[in-house]
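Colleague: Here it is, the structure, as structure tokens.
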Amino acid sequence: VEPDAAWRDEVRRLVDQRDAVLLAHNYQLPEIQDIADFTGDSLALSRIAAESDKSTIVFCGVHFMAETAKILSPGKTVLIPDARAGCSLADSITGADLRAWKAEYPGAVVVSYVNTTAEVKAETDICCTSSNAVDVVASIPADKEVLFCPDQFLGAHVKRVTGRDNIRIWAGECHVHAAINGPELAERASADPDADLFVHPECGCATSALYLAGEGIVPPEKVKILSTGDMVKAAKATQARSVLVATEIGMLHQLRKAAPEIDFRAVNDRASCRYMKMITPAALLRGLRENKDQVHVDPETAARARASVQRMIEIGQ
Ligand code: 13P
Ligand code: SF4
């Protein structure tokens, strides 16, 4: 299947026929991003899914994202073009792991990143995404202990910004972001001293970016730790001529569209998420034709998970 004009017409025709809204995450293939009704970060897409008046949501992203849409809208049909599109970070903690961790710290408030399964969300007090993790943790009374899972780098970032000592962090990671490392970032940054650095907080190099700023190797105002949606906003606002981007490389497409005059370069150009890239033009067309893969969440789990996801959507509006 070629992503040509015939493909685009057929996809849009089927989206209308199914009374659907087509959502794409910022890491999707460029042709998938371009055909979607909305492209954005996990938080923005969750909000749009929750507010949409369409009866079907077609989620071009990974499974936990489609599952979150289903949790928020149990009465809607939620489709993901390939249900095998998982997430190594979501796989780093199970519901049983979290139950055991909670038993060790009774009374602690559990904050889970949205990159988790419905079962983990059902054991969670408040979910967060990279764009509101700091606000979510800051909303918890200072005397309450916090269990933060599953991403250790995002957890370290939240701990640093909130200055909170009573936060325990699960040792999970995303294999794509963890591999974007400090030495690579330092090398790229010193080769391009005028560039801004846009760094996703899931990156292994997020701490190094702040170290570079702290040591005066990079001017501190050039280092920005951002969710994918906030990167697009920052691209529109910056005066820089070039930007080094530390995240999954699908992000470059939206950044170049937002600010065509800026030279955006990946810190690690091998940082591609194989799960995100399972949503091919052919998979999208097949999914729309055959009304699949349908996302199902056990109603009792969904009901328990909904409260934590709803709090995530409300904080940091
Ligand atoms: P955001 O789009 O919320 O920044 O999430 C990044 C991510 O890794 C999702 O897989
Ligand atoms: Fe999961 Fe990482 Fe892929 Fe995002 S980039 S979907 S966190 S594996």
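Colleague: Quick one: which helices (runs of 4 or more DSSP H) sit completely within segment 51-141 and have at least 3 residues that are away from ligand 2 (no atom under 13 Å from the Cβ) and more than 12 Å from Val295 (Cα to Cα)? Walk me through how you get there before you give the answer.
Modeller: Values: elements: 63-72, 95-104, 118-122, 133-138.
Where helices (runs of 4 or more DSSP H) fall fully within segment 51-141 and carry at least 3 residues being away from ligand 2 (no atom under 13 Å from the Cβ) and more than 12 Å from Val295 (Cα to Cα), they are 95-104, 118-122, 133-138.
Colleague: Just for segment 281-317: of the residues that are outside any helix (DSSP H, G or I) and under 19 Å from the mean Cα position of the chain (by Cα), which one is farthest from ligand 2 (Cβ to nearest atom)?
Modeller: Here is the first cut: in segment 281-317, the residues outside any helix (DSSP H, G or I) are 291-298, 315-317.
Filter again for under 19 Å from the mean Cα position of the chain (by Cα), leaving 295, 315-317.
Details: Val295: 16, Ile315: 21, Gly316: 20, Gln317: 24 Å.
Step by step, filter segment 281-317, then rank; the result is Gln317.
One line per residue, one yes/no per condition, for (1) touching a residue at least 40 places away in the same chain (Cβ under 8 Å); (2) among the small types (Gly, Ala, Ser); (3) under 23 Å from Gln152 (Cα atoms):
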{"residue": "Ala189", "(1), (2), (3)": "yes, yes, no"}
{"residue": "Ala195", "(1), (2), (3)": "yes, yes, no"}
{"residue": "Cys203", "(1), (2), (3)": "yes, no, yes"}
{"residue": "Ala213", "(1), (2), (3)": "no, yes, yes"}
{"residue": "Glu221", "(1), (2), (3)": "no, no, no"}
{"residue": "Ala234", "(1), (2), (3)": "no, yes, no"}
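Colleague: Restricting to segment 25-38, what's the tally of residues that are more than 21 Å from Cys128 (Cβ to Cβ) and either acidic (Asp, Glu) or not in a helix (DSSP H, G or I) (or both)? Please lay out each step first, then the result.
Modeller: First pass over segment 25-38, keeping only residues more than 21 Å from Cys128 (Cβ to Cβ): 28-37.
Filter once more, keeping what is either acidic (Asp, Glu) or not in a helix (DSSP H, G or I) (or both): 28-29, 31, 34, 36-37.
Total meeting the criteria: 6.
Colleague: Looking only at segment 190-219, filter to residues that are out of contact with any Leu (no Cβ under 6 Å at 6 or more places or on another chain) and aliphatic (A, V, I, L, M); which one of those is surrounded by the most Cβ atoms within 10 Å (Cβ to Cβ)? Can you show your working first?
Modeller: Residues of segment 190-219 out of contact with any Leu (no Cβ under 6 Å at 6 or more places or on another chain): 190-194, 196, 199-200, 203-204, 206-207, 210-217, 219.
From what is left, the residues that are aliphatic (A, V, I, L, M) are 191, 199, 206, 210, 212-213, 217.
Values: Ala191: 9, Val199: 28, Ala206: 24, Leu210: 18, Leu212: 22, Ala213: 18, Ile217: 13.
The selected residue is Val199.
Colleague: Name the one entry in Arg311, Arg304, Arg256 that is surrounded by fewer than 16 Cβ atoms within 10 Å (Cβ to Cβ) and more than 16 Å from ligand 1 (Cβ to nearest atom). Break it down stepwise before answering.
Modeller: Working: Arg311 fails: surrounded by fewer than 16 Cβ atoms within 10 Å (Cβ to Cβ); Arg304 fails: surrounded by fewer than 16 Cβ atoms within 10 Å (Cβ to Cβ).
Matching residue, one of Arg311, Arg304, Arg256: Arg256.
Colleague: Filter the helices (runs of 4 or more DSSP H) completely within segment 163-259 down to those with at least 3 residues that are of a type in the set (A, V, I, L, M).
Modeller: Values: elements: 175-178, 182-191, 206-214, 228-237, 251-258.
By residue number, 182-191, 206-214, 228-237, 251-258.
Colleague: Here's a follow-up. Within the bounds of segment 225-245, is there any residue that is buried (at least 19 other Cβ atoms within 10 Å of the Cβ), closer than 27 Å to Glu10 by Cβ and touching a strand residue (DSSP E or B) at 6+ places or on another chain (Cβ under 7 Å)?
Modeller: Checking segment 225-245: not a single residue is buried (at least 19 other Cβ atoms within 10 Å of the Cβ), closer than 27 Å to Glu10 by Cβ and touching a strand residue (DSSP E or B) at 6+ places or on another chain (Cβ under 7 Å).
Colleague: Specify which of the listed residues (Gly214, Gly204, Gly229, Gly163) is of a type outside the set (Lys, Arg), more than 21 Å from the chain's Cα centre (by Cα) and not assigned by TED's automatic domain parsing to the domain that holds Thr124.
Modeller: Working: Gly204 fails: more than 21 Å from the chain's Cα centre (by Cα); Gly229 fails: more than 21 Å from the chain's Cα centre (by Cα); Gly163 fails: not assigned by TED's automatic domain parsing to the domain that holds Thr124.
On inspection, the qualifying residue turns out to be Gly214.
Colleague: Would you confirm, using the coordinates I've provided, whether Met231 is over 24 Å from Ser190 (Cα atoms), within 16 Å of ligand 1 (Cβ to nearest atom) and touching a Phe, Trp or Tyr at 6+ places or on another chain (Cβ under 6 Å)?
Modeller: Against the criterion (over 24 Å from Ser190 (Cα atoms), within 16 Å of ligand 1 (Cβ to nearest atom) and touching a Phe, Trp or Tyr at 6+ places or on another chain (Cβ under 6 Å)), Met231 does not qualify.
Colleague: If you take the residues of segment 165-198 that are at pLDDT 95 or above and β-branched (Val, Ile, Thr), which of them is nearest to Asp143 (Cα to Cα)?
Modeller: Result: Ile167.
Colleague: Let me ask you something else. Exactly one of these conditions fails for Thr124: (1) more than 23 Å from Lys233 (Cα to Cα); (2) more than 16 Å from ligand 1 (Cβ to nearest atom); (3) free of Cβ contacts under 8 Å to residues at least 60 places away in the same chain. Give me its number.
Modeller: (3)
The values are calculated or read from the model by the stated rules, or taken from the named source; none is laboratory data. Owing to the predicted nature of the structure, the values given are computational and were not obtained by experimental measurement. Because the Cβ atoms are built from the backbone with ideal geometry, glycine has one as well, and the counts that use them run over all protein chains shown.
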